[in-house]
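Presented below is the structure to which this report refers.
Any read-out appearing in this document is the output of simple, stated calculations on the displayed coordinates, not a laboratory observation. Keep in mind it's a predicted model, so treat the numbers as computed, not measured. We place every Cβ from the backbone using ideal geometry, glycine too, and count neighbours over all the protein chains shown.
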Amino acid sequence: MGGIRIITIIFATVFMSCHIHAQIDAKLIGKWSLIKIEDSLDTISPPKTANYELIISDTTFSFSVGVNTCGYAAKTIKNTIIGAFAHCTEACCDDKVWKHFEKINYQGDFSLEDDGNTLIIVNQSGKVYLQKID
């Protein structure tokens, strides 16, 4: 019985320490607007007719991909954004708003430019540029 108690205590300690450290770099917290995505072939910008906003809290990312909204738990380790699988509403047809919506990926290595007003995320999709809006 003592062995199970020790394993439970160890598991709880590890779980709590992971949860405590699963936070976002404070410089990223706020609302951002997608400016453009650069890949090896092209630079694409979202249509001005739809909001492509990213809202970052201390533990989550939520964002629009045209018609639908997505969100996931996230954390930063050094200059890397790591997140779980995004859960999205399924209203309809994001591709009708912007055919490149599937290139939106807010995970990867990040840097801040322009006094923290431009967020650049580099990942397998290319470079994602966002501008701080609050």
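Non-local amide H neighbours of V65 (under 5 Å, H modeled in plane, Pro and chain starts lacking H): which ones?
HN-HN under 5 Å from V65: C70.
I need the phi-derived Karplus couplings for the range 58-74: 6.51 cos²θ - 1.76 cosθ + 1.60, θ = phi - 60°, integer Hz, Gly and Pro marked x.
Rounded to whole hertz, the list is 6, 9, 9, 10, 9, 7, 9, 10, x, 8, 8, 10, 10, x, 7, 6, 9.
Could you sort out which of K31/K99; K36/K132; K99/K127; K27/K99; K31/K96 sit more than 19 Å apart by Cα distance in this structure? Don't skip to the end; give the middle numbers.
Numbers: K31/K99 23 Å; K36/K132 13 Å; K99/K127 17 Å; K27/K99 31 Å; K31/K96 25 Å.
Long pairs (Cα-Cα over 19 Å): K31/K99; K27/K99; K31/K96.
How large is ³J(HN,Hα), in whole Hz, for each residue of the range 125-134 in order, when computed from phi with the Karplus curve 6.51 cos²θ - 1.76 cosθ + 1.60 and θ = phi - 60°, using x for Gly and Pro?
Values, residue by residue: 7, x, 10, 10, 10, 10, 10, 5, 10, 7 Hz.
Which value, in debye to the nearest 20, gives the size of the charge dipole of the range 23-132 about its Cα centre, when Lys and Arg are +1 and Asp and Glu are -1 at the Cβ? Provide the component values of the computation, followed by the final result.
On the way: 11 positive and 14 negative charges, 23 e Å.
Computed about the Cα centre, the dipole is about 100 debye.
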